[in-house]
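Here the structure is laid out as structure tokens; the discussion comes afterwards.
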Amino acid sequence: MGNPKGEERRRRVLLLCGDYMEDYEAMVPFQALQAFGVSVDAVSPGKKAGDICATAITIQVESIDQANSESRGHNFTLNATFDEIEFDEYDGLVIPGGRSPEHLAMNASVVELVRKFSDSRKPIAAICHGQLVLAAAGAVKGRKCTAVSTMKPGLVAAGAHWVEPDTLSVCVADDNLITGVTYYGNPEFIGLFLKALGGNICASERRVLIIIGNYAEDYEVTVPYQTLKVLGCHVDVVCPKKKAGDTCPTAIRDLEGGQTYSEIRGHNFVLTADFESIDASSYDALVLPGGKAPEFLALKEDVIVLVKQFMEARKPIASICHGLEILVAAGVLQGKKCTGYPGIKARVVSSGGTFVEADPIDRCVTDGNLVTAAAWHGQPELISQLMTLLDIQVSF
């Protein structure tokens, strides 16, 4: 992924997880870095590869000095075992926020690991409350850093040079140390970490359109949106009959062993542009997230017209999970191979497409200008393939 060149060594980073870490602050870096060709091992003390960490959704208020609300997020599956970590194998460390850092900061093995990264001057990126772990490891003494405002007293006491944030998206880089306030700053936060790893983004600006509706899948909106912004793309997210600044509630869908996925309420996504002002000719690519929204978007004639314009111009189209419902309604799958949620297979076949089974669940299929993923689990590969179609490269 990420268009690796030649025999260059693949970068490898550690994502330090815990129960009720913030959902976006874990998954967006996890999938974005993989899309860029970085290997990411997600670990948590006391847990093994394949175990689950519960995540938390924090709904931030407009003021940076007011408390946020919290609800249950996705289940995050770890892909490595904490007790098997070999420090020398890693090039960098990411620490998400949420409530998990309070407990991670009390774990002696975690503190010692973070101290090793700090002493070796390897890149460390911590966001929101993740800086608690840095403070416990003595990694902020004499260093400029920021965080959510409630972290100020503790960080100052630990010897940090506090940088007061004026928005929720502020990030600060001090040599190998990158700190951020909240997930709103993920694009800059991840970009600074990528740069610290030696990454270089090679592309001219691209313009990407994402069409969503109420209860689009949470990860399937925000991961592509923020990851493409890391790459310097201009990304507009729109919804029929809504304007820039309006919100769409998202849905969290998880596979938890039942016959189908579970679903709960997610974040409120703030739209970036007016749907009525969209001109397909001004964009280079289209992304169609899944969730509950596509079955209603498929009934919108103005959405169908836009999709047909992208396909007729052979511009890249990326569809995730139920996003295929819109493509079926637009009649653009004739002769195309694609994948998505298994329940859509019959509709894809009846519309003249070839459905590639969604097994494994992170399957991704590219056919010409069309890139499709079975579910959000396949987004690293989907974004990597979309990067290829847009001629965007990340090199090290």
Filtering region 329-343 down to residues that are within 16 Å of TRP376 (Cα to Cα) and at pLDDT 95 or above, which residue is surrounded by the fewest Cβ atoms within 10 Å (Cβ to Cβ)? CYS338
Please work out if VAL148 is open to solvent by less than 40 Å² (accessible area, probe 1.4 Å) and at pLDDT below 95. yes
Tell me whether region 386-395 contains one or more residues that are touching a residue at least 24 places away in the same chain (Cβ under 8 Å), touching a helix residue (DSSP H, G or I) at 6+ places or on another chain (Cβ under 6 Å) and open to solvent by less than 70 Å² (accessible area, probe 1.4 Å). no
Identify, from the list PRO316, PRO342, the residue that is touching an Asp or Glu at 6+ places or on another chain (Cβ under 8 Å) and within 29 Å of LEU231 (Cα to Cα). PRO316
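Per-residue answers, yes or no, for (1) β-branched (Val, Ile, Thr); (2) touching a Leu at 6+ places or on another chain (Cβ under 8 Å):
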position: VAL235; (1), (2): yes, yes
position: VAL238; (1), (2): yes, yes
position: ALA244; (1), (2): no, yes
position: ARG265; (1), (2): no, no
position: ALA273; (1), (2): no, no
position: GLU276; (1), (2): no, no
position: LEU286; (1), (2): no, yes
position: GLU301; (1), (2): no, no
position: LEU306; (1), (2): no, yes
Residue list for region 1-48, filter: over 23 Å from GLU102 (Cβ atoms), modelled with pLDDT of 95 or more and polar (S, T, N, Q): GLN31, GLN34, SER39
Looking for whichever is open to solvent by less than 30 Å² (accessible area, probe 1.4 Å), small (Gly, Ala, Ser) and either over 23 Å from the mean Cα position of the chain (by Cα) or closer than 23 Å to ARG207 by Cα (or both) here; the options are ALA244, ALA273. Which one fits? ALA273
Boolean, TYR184 is under 17 Å from the mean Cα position of the chain (by Cα), in contact (Cβ under 8 Å) with a residue 60 or more places away in the chain, surrounded by fewer than 19 Cβ atoms within 10 Å (Cβ to Cβ) and outside any strand (DSSP E or B): yes
Answer from ASN79, ASN75 - the residue that is open to solvent by 20 Å² or more (accessible area, probe 1.4 Å) and in a loop (DSSP other than H, G, I, E, B): ASN79
Within region 117-156, which residues are assigned to a helix (DSSP H, G or I), under 19 Å from ILE85 (Cα atoms) and under 27 Å from the mean Cα position of the chain (by Cα)? PHE117, SER118, VAL133, LEU134
Of the residues that make up region 256-263, is at least one over 21 Å from MET27 (Cβ atoms), open to solvent by 50 Å² or more (accessible area, probe 1.4 Å) and out of contact with any helix residue (DSSP H, G or I) (no Cβ under 9 Å at 6 or more places or on another chain)? yes
So is ILE252 touching a Ser or Thr at 6+ places or on another chain (Cβ under 9 Å) and open to solvent by less than 50 Å² (accessible area, probe 1.4 Å) or not? yes
So if I check each of TYR219, TYR283, TYR225, TYR215, which one is under 20 Å from MET27 (Cα atoms) and more than 15 Å from the chain's Cα centre (by Cα)? TYR215
Taking the criterion of being surrounded by 24 or more Cβ atoms within 10 Å (Cβ to Cβ) and touching a strand residue (DSSP E or B) at 6+ places or on another chain (Cβ under 8 Å), would at least one residue in region 196-207 satisfy it? no
Residues that are crowded, with 16+ Cβ neighbours inside 10 Å and either part of a loop (DSSP other than H, G, I, E, B) or not aliphatic (A, V, I, L, M) (or both), drawn from region 104-114: ALA105, ASN107
Can you name the number of the only condition in (1) farther than 19 Å from VAL13 by Cβ; (2) surrounded by fewer than 21 Cβ atoms within 10 Å (Cβ to Cβ); (3) in contact (Cβ under 8 Å) with a residue 40 or more places away in the chain that GLY159 fails? (3)
Just checking, which of ASP65, ASP88 is of a type outside the set (A, V, I, L, M), in contact with a helix residue (DSSP H, G or I) (Cβ under 8 Å, 6 or more places away or on another chain) and either modelled with pLDDT of 95 or more or surrounded by fewer than 21 Cβ atoms within 10 Å (Cβ to Cβ) (or both)? ASP65
Tally the residues that are part of a loop (DSSP other than H, G, I, E, B) and out of contact with any strand residue (DSSP E or B) (no Cβ under 7 Å at 6 or more places or on another chain), restricting the search to region 209-240. 1
Matching strands (runs of 3 or more DSSP E) fully within region 246-307 where at least 1 residues are over 27 Å from ALA358 (Cα atoms): 247-254, 262-270
Within region 276-290, track down each residue that is surrounded by 15 or more Cβ atoms within 10 Å (Cβ to Cβ), out of contact with any helix residue (DSSP H, G or I) (no Cβ under 6 Å at 6 or more places or on another chain) and within 22 Å of GLN385 (Cα to Cα). TYR283, ASP284, ALA285
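The values are calculated or read from the model by the stated rules, or taken from the named source; none is laboratory data. Remember, predicted model here, so these are calculated numbers, not experimental data. Ideal geometry is used to build each Cβ from the backbone, glycine not excepted, and the neighbour counts take in all protein chains shown. Side chains are part of the model used for accessible areas, which takes the heavy atoms of the whole protein and leaves out ligands, DNA and RNA. Shrake-Rupley method; radii C 1.70, N 1.55, O 1.52, S 1.80 Å.
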